Amino acid sequence: MLQKLASHNDDIRRLIERGYAIAVDSHYLVIRDIPYLDGNGQKQTGAFVTKIVHKTPELVSQENHQVFFAGSSPFGLDGRPISNLGDNVTTLALSEACRDVVVQRQFSHKPKSAGGFRDYKDFFEKIETYVTTISGPAMEKFEVNPYTFRQVESAKVESPFKFQDTLTSRAQITDLTAKFKEEVVAIVGAGGTGGYVLDLLVKTPVKEIRLFDLDFFHVHNAYRSPGTTVEGDFNKLKIDVYQQRYDSFRTGLVTKAKFVDETCAEDFEGVTFVFVCVDKGSSRKGIFDLLISKKIPFIDVGMGLKRKDEKLVGEMRATYFSGEKGQETQERQLAPINDNPDDIYKTNIQIAELNALNACLAVIKYKQVLGFYSEDLSHTQMIFRLGDLKLLGEE
């Protein structure tokens, strides 16, 4: 990864040729072997960490003038803290490959110019300036320098995405997204809500997504399907349409043209979570029995709209079945498992934004279960009422 960046970015190449011990980790540039003086005038060694912003998969730039620092506050030869650093205490999670780099601080130092302060031209000027400011006293007192020419193995980025996930590094949530690393998620049903669940999960770094659906993609599906539709999509299997739609973005999407029932145990080997997105109660029954018997946690979604006084009314539902209490939840009959023509969840009216909202409720709940989002109350069922825009939760 580092050599690839160096071949396309002159400033990174110059840093390597200068002798810095550089590595790439979780979309950060890590520069080790940075000498500095502590409060007792003793030599210490730290590391700079700075964000990489990908303009393209090969071309990168700096995000701002700031750097993270693995080390304590640096001091000058006079025994005083170095001024104009904007020294703030902070932390930053890096990968296991950089377990030796423990970020403790963040610096905000801009170079001066005739007109005041300016931004750094590139990574080379940025690192050189910070080294002069922070390492200068140690270099003078102990005749050391950071130009060790040490080769540090960059962390291998294990990602299902075909582009750099710069969103995660920009938001500084690399440690949180690691919760999805071993997740194998299945989606049963690629209709309106199932399609949006897929769209959200495709952008989540789960290891694998298994999509099950046996229906064809028709014109009406285009009006409640994420992304764009081309004429060639019609009369293809839905799973084939979605496979083609997302193939350029990520790996790990496995599609199966199959009706899922209690006999499909082999198809769910290794699955850690399931989204059930079907509109027939009788179909739910077999799926529920299978998942509960295998103790696989899942979320079932439902949406019901009807006309009333020349307007549409209704609600959306997301019901969570844990691996341990799935049978108990089913016995509470929170999700219909019979085909009742008068049941609100059997109404066929579906609108894209409501399908998307239903999917969002389900995916948010899934991410709460995994510990990505906080969860003050552990709700088994969430119902969003369209009329008063209220979200009701039941423990």
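A search for C-beta distances below 8 Å between a residue of the range 83-96 that is β-branched (Val, Ile, Thr) and any residue that is in a loop (DSSP other than H, G, I, E, B) and surrounded by 13 or more Cβ atoms within 10 Å (Cβ to Cβ), counting only pairs 6+ apart in sequence or on different chains, returns 89/104; 90/103; 90/104; 91/103; 91/104. Just one of the numbered conditions (1) surrounded by 14 or more Cβ atoms within 10 Å (Cβ to Cβ); (2) over 30 Å from residue 296 (Cβ atoms); (3) in contact with a helix residue (DSSP H, G or I) (Cβ under 9 Å, 6 or more places away or on another chain); (4) not assigned by TED's automatic domain parsing to the domain that holds residue 47 is not true of residue 146: (4). So residue 368 fits all but one of (1) surrounded by 15 or more Cβ atoms within 10 Å (Cβ to Cβ); (2) among the polar types (S, T, N, Q); (3) in a loop (DSSP other than H, G, I, E, B); (4) free of Cβ contacts under 8 Å to residues at least 24 places away in the same chain; what number is the exception? Only one criterion is unmet by residue 368, namely (3). Applying the condition of being touching a helix residue (DSSP H, G or I) at 6+ places or on another chain (Cβ under 7 Å) and among the small types (Gly, Ala, Ser) to the range 202-229 and asking which residue is farthest from residue 275 (Cα to Cα) yields 227.
Okay, residues lined up against (1) part of a helix (DSSP H, G or I); (2) of a type in the set (S, T, N, Q); (3) over 12 Å from the mean Cα position of the chain (by Cα):
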{"residue": "148", "(1), (2), (3)": "no, yes, yes"}
{"residue": "168", "(1), (2), (3)": "yes, yes, no"}
{"residue": "179", "(1), (2), (3)": "yes, no, no"}
{"residue": "190", "(1), (2), (3)": "no, no, yes"}
{"residue": "197", "(1), (2), (3)": "yes, no, yes"}
{"residue": "200", "(1), (2), (3)": "yes, no, no"}
{"residue": "206", "(1), (2), (3)": "no, no, no"}
{"residue": "227", "(1), (2), (3)": "no, no, yes"}
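The condition of being touching a residue at least 12 places away in the same chain (Cβ under 8 Å), within 29 Å of residue 179 (Cα to Cα), of a type in the set (A, V, I, L, M, F, W, C) and touching a Leu at 6+ places or on another chain (Cβ under 8 Å) does not hold for residue 334.
Which members of the range 53-85 meet the condition of being of a type in the set (Gly, Ala, Ser), farther than 30 Å from residue 249 by Cβ and in contact with a Lys or Arg (Cβ under 9 Å, 6 or more places away or on another chain)?
Initially, the range 53-85 is screened for residues of a type in the set (Gly, Ala, Ser), giving 61, 70-73, 76, 79, 83.
Checking which are farther than 30 Å from residue 249 by Cβ leaves us with 70-73, 76, 79, 83.
Within the range 53-85, 70, 71, 72, 73 qualify.
Within the option set 58, 63, 17, being closer than 18 Å to residue 174 by Cα and surrounded by fewer than 23 Cβ atoms within 10 Å (Cβ to Cβ) holds for one residue only, 63. Would you confirm whether or not the range 285-305 contains a residue that is more than 26 Å from residue 258 (Cβ to Cβ) and within 29 Å of the chain's Cα centre (by Cα)? No, every residue in the range 285-305 fails to be more than 26 Å from residue 258 (Cβ to Cβ) and within 29 Å of the chain's Cα centre (by Cα). Cβ-Cβ contacts under 6 Å between residues 6 or more apart (or on different chains), taken from a first residue in the range 280-295 that is free of Cβ contacts under 8 Å to residues at least 60 places away in the same chain to a second residue that is surrounded by 17 or more Cβ atoms within 10 Å (Cβ to Cβ) and part of a helix (DSSP H, G or I), are listed as 288/330; 292/326.
Which of the residues that make up the range 230-245 are surrounded by fewer than 16 Cβ atoms within 10 Å (Cβ to Cβ) and either over 22 Å from residue 258 (Cβ atoms) or not acidic (Asp, Glu) (or both)?
Listed by number, the residues that qualify are 230, 231, 232, 234, 235, 236, 243, 244.
Scanning the range 246-260 for residues that are at pLDDT 95 or above and either in a helix (DSSP H, G or I) or not assigned by TED's automatic domain parsing to the domain that holds residue 286 (or both) turns up at least one hit. Number of residues in the range 208-225 that are surrounded by 14 or more Cβ atoms within 10 Å (Cβ to Cβ) and in a loop (DSSP other than H, G, I, E, B) equals 5.
Take the residues in the range 190-207 that are closer than 25 Å to residue 261 by Cβ and either basic (Lys, Arg) or in contact with an Asp or Glu (Cβ under 6 Å, 6 or more places away or on another chain) (or both); name whichever of them is surrounded by the fewest Cβ atoms within 10 Å (Cβ to Cβ).
Here the residue is 206.
Residues in the range 307-331 that are loosely packed, with under 12 Cβ neighbours inside 10 Å and either touching a residue at least 60 places away in the same chain (Cβ under 8 Å) or closer than 21 Å to residue 384 by Cβ (or both): 307, 308, 309, 311.
The values are calculated or read from the model by the stated rules, or taken from the named source; none is laboratory data. Since the model is a prediction, treat every value here as computed from it, not as a measurement. Note that each Cβ is placed from the backbone with ideal geometry, even for glycine, and that neighbours are counted across all protein chains shown.
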